[in-house]
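Before any comments, here is the structure.
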2 protein chains.
Amino acid sequence: MLELLETPALLLDLERLDSNIRRMRNKLAPFNVTLRPHVKTHKSLEVTERLFADGRGPITVSTLREADFFFAAGFTDILYGVGIAPNKFAHAARLIEQGAALKLVLDNLDSARLLADFARANGAVFEVLLEVDCDGHRSGIPPHSPLLVEIARLLQGSGVTVSGVMTHAGNSYDSRSIGEIEAYARQERAAVVDAARLLEEAGFALSIISIGSTPTALFTQDLSGITEVRAGVFAFFDLVMAGLGVCQVQDIAVSVLTTVIGHQPEKGWTIVDAGWMALSRDRGTAKQAVDQGYGIVCDLAGQPIGDLIVTAANQEHGIIVSRSGSLDPASALPVGTQLRILPNHACATSAQHGGYHVLTEGRRLGYWSRIAGW
Amino acid sequence: MLELLETPALLLDLERLDSNIRRMRNKLAPFNVTLRPHVKTHKSLEVTERLFADGRGPITVSTLREADFFFAAGFTDILYGVGIAPNKFAHAARLIEQGAALKLVLDNLDSARLLADFARANGAVFEVLLEVDCDGHRSGIPPHSPLLVEIARLLQGSGVTVSGVMTHAGNSYDSRSIGEIEAYARQERAAVVDAARLLEEAGFALSIISIGSTPTALFTQDLSGITEVRAGVFAFFDLVMAGLGVCQVQDIAVSVLTTVIGHQPEKGWTIVDAGWMALSRDRGTAKQAVDQGYGIVCDLAGQPIGDLIVTAANQEHGIIVSRSGSLDPASALPVGTQLRILPNHACATSAQHGGYHVLTEGRRLGYWSRIAGW
């Protein structure tokens, strides 16, 4: 079946997907929290439906385009997880008017003032979460900053309601041990619980205390005070997650199907028709203990072949080598051989494709499309 | 006008595009060669039309999807510049049957044998160029290898005609001086002219002797024996090309419009809503003398602001810093400020977007869509 596909093409292994989803559901089951999966990894309706045993639960999105798409498909409780820019106020207001329980994110007074002004001027209502910085990763307000209460006060009476706080332990992706991930998980929980306490002490009632990253969600031991967990890449996993010890290589549910188109025998190179356009330019494993180049090379059944990796990529060409030089590429991988490349970063690689060829027990089940853009 | 766009969004400056195209046309005018532009950079019908003063000239494509699209739009002379994989034979045959003068590329006996077998079995005809390796960059046959003639002989009588040779000086992208680019240009020309002579001495008449890369095309001094030049990125240019000295920063025709969504004042960070999804993960300037991070930050008019660059990128967040720390981000770039980011690599950044908001004299002219996928 796969032999008939023109390459490169993105494959999604349904058994691995379901098993990864089960793992996260089982992990969170003992805690009294809601899973609000991040759909930015896959941007697919079918994958999102699979994330919920039944119904259309709460989701996190990274673009208003995703919010539009999933709202039209019946998902109403949507957190747009990126600090809102003024040029998106009208778009967000439109979604809310149409019935979406859209939540926006803010982390500064200027944004709050602009949103409040917009709400007043347009008679619009917004629900926002204040973003807390738990690890210095990128945006967010320090958990003990008076700014939290200042923003909440500024918004009072404007039509903008602060319904909660959220944070993301982005630095957990740089952990060098499971112990370090556990420490990030404690820090992530503490930051957002402390921030919530500050606001509650100032008289603001919060319904959402939200954390989220795949590493911390899978290794947390304490979620007291937390109402919901956001995570996305756990559904697919990737080589960065495997390098962290968060999953095994054989858990990775997405791969890029490619074909051998030539060799440079003297150099031990096998040339394939998947370059960075199909694999993405993501080199997330470059800073890990084992640099996987542009990905691990597997056979059609999804099993890694020796120590083969994609070592270099041009737009539509990839170069495969044996790390140790032990494999003779021309005889092991003749022209026409089809291979599957496991990605460094599932979000980035998937984004290079229009959709997924879905496999179950090695057979092609169908095609699940993705959305793109903003 | 730009203030009304939701960000991130890809902008294309028409005056810069036209000026870049003029420069390449003027450079090649004294030589007796055809320009066969590579459409993989922009994948846009309107840009491709702009590349030709009149009519629909010969083009180079990186995917059969591009071949389908441009053939349907009236471009018939199409070189598919990536070694052909067996799973694409039927697709290529279909295009040829429909009237496309499609040229394929081969660099090994196995591919040649498989294509010849397919042609015989299906009564198909193909025109191929043999790929020559001029600099050890990736694929291709060494210019003096007997393999060239061996392949041409193997194909005789099969329905597959060798109509020429082609090469790409990919290593010219790593040059450290214009002198080095000129040396690569000489090497590129010599390789393909030598390979052509070998084939002609063996009795094969060739009509296409094709070279191509933007750096070598713009700095070559001798194109004797060459019939055509392929190049793509020259139409847009990018920071990698500027770092090479091939263009100026102010020649770069594409940029990503983004909006300030917050700050981390203690760190000197400005957070914007363009992350790697909008900018791509390409870090092509990392190996150059000046590493531009994820891009140079410009104002709405397209002028660089001080020494600001995007230093880090998550999926939908970018972090802007002043290299020297001399600019106070919170006061210089308040929330809501719109900025334009010049890309490291125009091909990669453009591929992250569905199309171009085209600007002329700073006003928005319209939207030119791109194609994607395979």
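The values are calculated or read from the model by the stated rules, or taken from the named source; none is laboratory data. Just so you know, these numbers come straight off a predicted model, no measurement behind them. Please note: Cβ atoms are built from the backbone with ideal geometry, for glycine as well, and neighbour counts cover all protein chains shown.
Kindly indicate the residue of segment B:308-332 that is crowded, with 23+ Cβ neighbours inside 10 Å and in contact with a Leu (Cβ under 7 Å, 6 or more places away or on another chain) and also nearest to B:GLY268 (Cα to Cα) among those meeting that condition.
B:ILE320
Within segment A:330-356, how many residues are within 12 Å of another protein chain (Cβ to nearest Cβ) and part of a strand (DSSP E or B)?
Residues meeting the conditions: 3.
Which condition does B:VAL149 not pass, out of (1) of a type in the set (A, V, I, L, M, F, W, C); (2) touching a Gly at 6+ places or on another chain (Cβ under 6 Å); (3) more than 14 Å from every other protein chain (Cβ to nearest Cβ), if it passes all the others?
All conditions pass for B:VAL149, except number (2).
Is it the case that some residue within segment A:105-128 is under 24 Å from B:ALA274 (Cβ atoms), in the same structural domain as A:ILE78 (by TED's automatic domain parsing) and small (Gly, Ala, Ser)?
Yes; the residues of segment A:105-128 include at least one that is under 24 Å from B:ALA274 (Cβ atoms), in the same structural domain as A:ILE78 (by TED's automatic domain parsing) and small (Gly, Ala, Ser).
Residue by residue through segment A:1-33, note down the ones that are in contact with a Ser or Thr (Cβ under 6 Å, 6 or more places away or on another chain) and either at pLDDT below 95 or more than 14 Å from chain B (Cβ to nearest Cβ) (or both).
Answer for segment A:1-33, where residues must be in contact with a Ser or Thr (Cβ under 6 Å, 6 or more places away or on another chain) and either at pLDDT below 95 or more than 14 Å from chain B (Cβ to nearest Cβ) (or both): just A:LEU14.
For segment B:187-202, state whether one or more residues are hydrophobic (A, V, I, L, M, F, W, C) and under 22 Å from B:ILE21 (Cβ atoms). Show your work before the answer.
In the first step, residues of segment B:187-202 are kept if they are hydrophobic (A, V, I, L, M, F, W, C); the result is B:190-193, B:195-196, B:198-199, B:202.
Filter once more, keeping what is under 22 Å from B:ILE21 (Cβ atoms): none.
Scanning segment B:187-202, I find no residue that is hydrophobic (A, V, I, L, M, F, W, C) and under 22 Å from B:ILE21 (Cβ atoms), so the answer is no.
Considering segment A:85-105 alone, what residues qualify as being part of a strand (DSSP E or B) and touching a Leu at 6+ places or on another chain (Cβ under 6 Å)? Outline the logic, then answer.
Step one: list which residues in segment A:85-105 are part of a strand (DSSP E or B), which gives A:101-105.
Selection gives A:LEU102, A:LYS103, A:VAL105.
Name, by its number, the condition in (1) away from chain B (no Cβ under 11 Å); (2) within 27 Å of A:MET1 (Cβ to Cβ); (3) modelled with pLDDT of 95 or more; (4) in contact with a Gly (Cβ under 7 Å, 6 or more places away or on another chain) that does not hold for A:LEU327.
Result: A:LEU327 passes all but (3).
For B:GLU131, all conditions in the list (1) within 14 Å of chain A (Cβ to nearest Cβ); (2) more than 23 Å from the chain's Cα centre (by Cα); (3) within 17 Å of B:SER207 (Cβ to Cβ) hold save one; what is the number of the exception?
(2)
Restricting to segment B:34-51, and then to whatever is more than 14 Å from chain A (Cβ to nearest Cβ) and in a loop (DSSP other than H, G, I, E, B), can you tell me which residue is surrounded by the fewest Cβ atoms within 10 Å (Cβ to Cβ)?
Step by step, filter segment B:34-51, then rank; the result is B:SER44.
Does segment B:186-204 include one or more residues that are part of a loop (DSSP other than H, G, I, E, B), assigned by TED's automatic domain parsing to the domain that holds B:ASP18 and free of Cβ contacts under 8 Å to residues at least 24 places away in the same chain?
Yes, because at least one residue in segment B:186-204 is part of a loop (DSSP other than H, G, I, E, B), assigned by TED's automatic domain parsing to the domain that holds B:ASP18 and free of Cβ contacts under 8 Å to residues at least 24 places away in the same chain.
From A:ALA190, A:ALA196, A:ALA205, which residue is over 30 Å from A:ALA253 (Cβ atoms) and buried (at least 22 other Cβ atoms within 10 Å of the Cβ)?
Only one candidate passes the filter, namely A:ALA196.
For segment B:215-306, please list each of the strands (runs of 3 or more DSSP E) lying entirely inside it that holds at least 3 residues being within 12 Å of chain A (Cβ to nearest Cβ) and in contact (Cβ under 8 Å) with a residue 60 or more places away in the chain.
Here the list reads B:254-264, B:269-272.
Identify, from the list A:GLU131, A:GLU182, A:GLU127, the residue that is modelled with pLDDT of 95 or more and assigned to a helix (DSSP H, G or I).
Just one listed residue meets the conditions, A:GLU182.
For segment A:94-110, give me the residue count where each residue is within 14 Å of another protein chain (Cβ to nearest Cβ) and either in contact (Cβ under 8 Å) with a residue 24 or more places away in the chain or closer than 10 Å to A:LEU129 by Cβ (or both).
Of the residues in that region, 7 qualify.
Just wondering, is there one or more residues in segment A:277-287 that are touching a Lys or Arg at 6+ places or on another chain (Cβ under 8 Å) and among the aliphatic types (A, V, I, L, M)?
Within segment A:277-287 (the criterion being touching a Lys or Arg at 6+ places or on another chain (Cβ under 8 Å) and among the aliphatic types (A, V, I, L, M)), the answer is no, since none of the residues qualifies.
So A:ASP54 clears everything in (1) touching a residue at least 24 places away in the same chain (Cβ under 8 Å); (2) assigned to a loop (DSSP other than H, G, I, E, B); (3) more than 12 Å from chain B (Cβ to nearest Cβ); (4) not aromatic (Phe, Trp, Tyr) except one condition, right? Which one?
Single failed check for A:ASP54: (1).
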